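The values are calculated or read from the model by the stated rules, or taken from the named source; none is laboratory data. Quantities reported herein were computed from a predicted structural model and do not represent experimental measurements. Note: ideal-geometry Cβ built from the backbone for every residue, glycine included; neighbour counts use all protein chains shown.
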Amino acid sequence: MNRNLWLLAVCQGLFLTNNVTFIAINGLVGLNLAPLGWMATLPVMGYVVGGALSTSVVARTQMRFGRKISFQLGLLVAVASALLCCYAAYSKNFWLLVIATVVAGYYNANAQLYRFAAAELALPAFREKAISLVMAGGLLGAIAGPNLAAHTRGLTDVPFTGAYLALAGVALLSMALMVFIYFPPSETSSPGRRAGPPQARPAPSGGSVVHEVTSVGASEGRPLGEIMRQPVFIVAAGAGALGFGVMNLLMAATPIAMQVCGLPFSSVALVLEWHVIGMFAPGFFTGHLIRRFGALPIMAVGVALNVLCVVIALTGVELKQFLLALFLLGLGWNFLFTGSTTLALTTYRPEEKDKAQGALNFCVFAVLAVSSLASGVLVTTQGWTLLNLGSLLPLGLTAASLAWLALDRRRSRTP
């Protein structure tokens, strides 16, 4: 770890503070303002739809202006969108709230690249741990997000407008920290090293060792379609997106389900706090586990933890079931998402990173948009039980894709 990584980890924590607070309050504010009950999670959906729509814009911004300026633009949008959300809640304008969260999606798409930037701030041998440890910065969001929502919900006469104002302050703090982070110029560096003499690295497809020269004016690399057709890319993108989608499906519905079950908002904040602790506490050792056992076995453990979460959620709707199920959901997400991010790093060359990472994030946001809408529709019309049963389908698809890639690799090693 170096100063740049520590600062980026704090920025990751502040980003998760924004996300957790949004999850905690947007569904409830939406439930109070929506014309129909099933529309309650549309503000949650707006956040991820905005992220999906912004991925190509963010990729171009990153390519043209570099990491720092692009990240700062995202934080500026975070400030403006939080203030717009505050006004929408104050004026009881549901559709303005949805629009505000769509705008906030630009920040979401930007900050999703923090984990890839982490790999560029560390030595090549340390990049798995760098990704994992920067993601562990989300522990700050685990503590700050739910407590921020709980302590600022009554700050003004209109519930939760204070929370939106606080989020604007969180984004301003992150902007100040970002000033002190040095990012290597993307044109002249590959993850973890600066330009220099030709160096060996594994071929993106996992084949023989190739040599590269990183220099100003390097080619743009292969077409995006060719990158995305690689089996490893397909599995990394699919597992990351589906794992994130299942986590979002259950997490977004939890505040509404707990309110329907008569549990107070303080219990909602507690459950979300431990859920996000589960998401990011393993970051201190997930990278080490991936280096030792490989990405695929760790991702398989993540799928198993998510299935166990569903089993516990189906046993009842008391606080203890919500607490344990959401904690396991967070653990499973960490193993799946960190593993898929590490796996994705092997599928593209340095000059291809912007378009490849943009495609990976688009896959995540597209699935998140569907899961956000499905979350509100299912929990308000079909109930918590059917919602959990439905999540087993994407988990099964994820497990099948991991098994397929493992068999494909085993066949390729067989003479």
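Screening Gly105 against (1) in contact with a Phe, Trp or Tyr (Cβ under 6 Å, 6 or more places away or on another chain); (2) touching a residue at least 60 places away in the same chain (Cβ under 8 Å); (3) over 20 Å from Asn248 (Cα atoms); (4) buried (at least 23 other Cβ atoms within 10 Å of the Cβ) leaves a single unmet condition, (3). Pairs, please: C-beta under 9 Å, at least 6 apart or cross-chain, first residue without any contact (Cβ under 8 Å) to a residue 60 or more places away in the chain and in segment 61-78, second of a type in the set (D, E, K, R) and surrounded by fewer than 21 Cβ atoms within 10 Å (Cβ to Cβ)? Here the result reads Ser70/Arg64, each pair linking segment 61-78 to a residue that is of a type in the set (D, E, K, R) and surrounded by fewer than 21 Cβ atoms within 10 Å (Cβ to Cβ). Whether a residue is touching a residue at least 24 places away in the same chain (Cβ under 8 Å), assigned to a helix (DSSP H, G or I) and surrounded by fewer than 21 Cβ atoms within 10 Å (Cβ to Cβ) was assessed, and Val49 does not pass this test. Can you find a residue in segment 131-142 that is touching a Cys at 6+ places or on another chain (Cβ under 8 Å) and on the phi < 0 side of the Ramachandran plot? Within segment 131-142, one or more residues are touching a Cys at 6+ places or on another chain (Cβ under 8 Å) and on the phi < 0 side of the Ramachandran plot.
Against the test of being of a type in the set (S, T, N, Q), crowded, with 21+ Cβ neighbours inside 10 Å and at pLDDT 90 or above, the options Thr347, Thr341 yield a single qualifying residue, Thr347.
Please work out which residue is nearest to Glu128 (Cα to Cα), limiting yourself to segment 263-280 and to residues that are within 15 Å of the chain's Cα centre (by Cα) and aliphatic (A, V, I, L, M). Residue satisfying both the conditions and the ranking: Met279.
Take the conditions at pLDDT 90 or above, outside any loop (DSSP other than H, G, I, E, B) and out of contact with any His (no Cβ under 7 Å at 6 or more places or on another chain) and apply them to Leu329. Does it pass?
Values: at pLDDT 90 or above: yes; outside any loop (DSSP other than H, G, I, E, B): yes; out of contact with any His (no Cβ under 7 Å at 6 or more places or on another chain): no.
In short, no.
Regarding Gly74, is this residue buried (at least 18 other Cβ atoms within 10 Å of the Cβ), small (Gly, Ala, Ser), at pLDDT below 90 and in a helix (DSSP H, G or I)? Taking the combined requirement at face value, the residue does not satisfy it. Counting only helices (runs of 4 or more DSSP H) wholly contained in segment 109-193, the ones carrying 2 or more residues that are within 17 Å of Ala78 (Cβ to Cβ) and free of Cβ contacts under 8 Å to residues at least 12 places away in the same chain occupy 161-178. Taking the criterion of being part of a loop (DSSP other than H, G, I, E, B) and of a type in the set (D, E, K, R), the only residue of segment 295-324 that qualifies is Glu318. The single condition from (1) at pLDDT below 85; (2) crowded, with 16+ Cβ neighbours inside 10 Å that Gly162 fails is (1).
If the condition is being modelled with pLDDT under 50 and among the hydrophobic types (A, V, I, L, M, F, W, C), then segment 165-210 contributes Ala195, Ala200, Ala203, Val209, Val210.
When Leu336, Leu305 are screened for being touching a Leu at 6+ places or on another chain (Cβ under 6 Å) and either among the aliphatic types (A, V, I, L, M) or touching a residue at least 60 places away in the same chain (Cβ under 8 Å) (or both), only Leu305 passes.
Within segment 366-390, take every residue that is within 30 Å of Lys129 (Cβ to Cβ) and buried (at least 24 other Cβ atoms within 10 Å of the Cβ) and give me the one that is modelled with the lowest pLDDT.
Ranking the qualifying residues of segment 366-390, first place goes to Leu368.
Do we find a residue being within 23 Å of Thr41 (Cβ to Cβ), in a helix (DSSP H, G or I) and without any contact (Cβ under 8 Å) to a residue 12 or more places away in the chain anywhere in segment 388-397? Looking for residues that are within 23 Å of Thr41 (Cβ to Cβ), in a helix (DSSP H, G or I) and without any contact (Cβ under 8 Å) to a residue 12 or more places away in the chain, one finds at least one in segment 388-397, hence yes. Among the residues making up segment 360-387, a single one is without any contact (Cβ under 8 Å) to a residue 40 or more places away in the chain and outside any loop (DSSP other than H, G, I, E, B): Leu386. Scanning segment 341-356 for residues that are more than 18 Å from Gln112 (Cβ to Cβ), in a helix (DSSP H, G or I) and of a type outside the set (Val, Ile, Thr) yields Pro350, Glu351.
Step by step: first the residues of segment 108-124, then only those that are at pLDDT below 85 and under 17 Å from Leu343 (Cβ atoms), then the one that is surrounded by the most Cβ atoms within 10 Å (Cβ to Cβ). Which residue is that? This residue is Phe116. With respect to Gly37, is the statement that it is in contact (Cβ under 8 Å) with a residue 40 or more places away in the chain, over 18 Å from the mean Cα position of the chain (by Cα) and more than 20 Å from Ala117 (Cβ to Cβ) true? For Gly37, the condition - in contact (Cβ under 8 Å) with a residue 40 or more places away in the chain, over 18 Å from the mean Cα position of the chain (by Cα) and more than 20 Å from Ala117 (Cβ to Cβ) - is met.
Answer with yes or no whether Leu336 is among the aliphatic types (A, V, I, L, M), part of a helix (DSSP H, G or I), buried (at least 22 other Cβ atoms within 10 Å of the Cβ) and at pLDDT 90 or above. Here the answer is yes, as Leu336 does meet what is asked. When Ala253 is tested against (1) among the small types (Gly, Ala, Ser); (2) surrounded by 18 or more Cβ atoms within 10 Å (Cβ to Cβ); (3) within 26 Å of Ser401 (Cα to Cα), exactly one condition is not met: (3).
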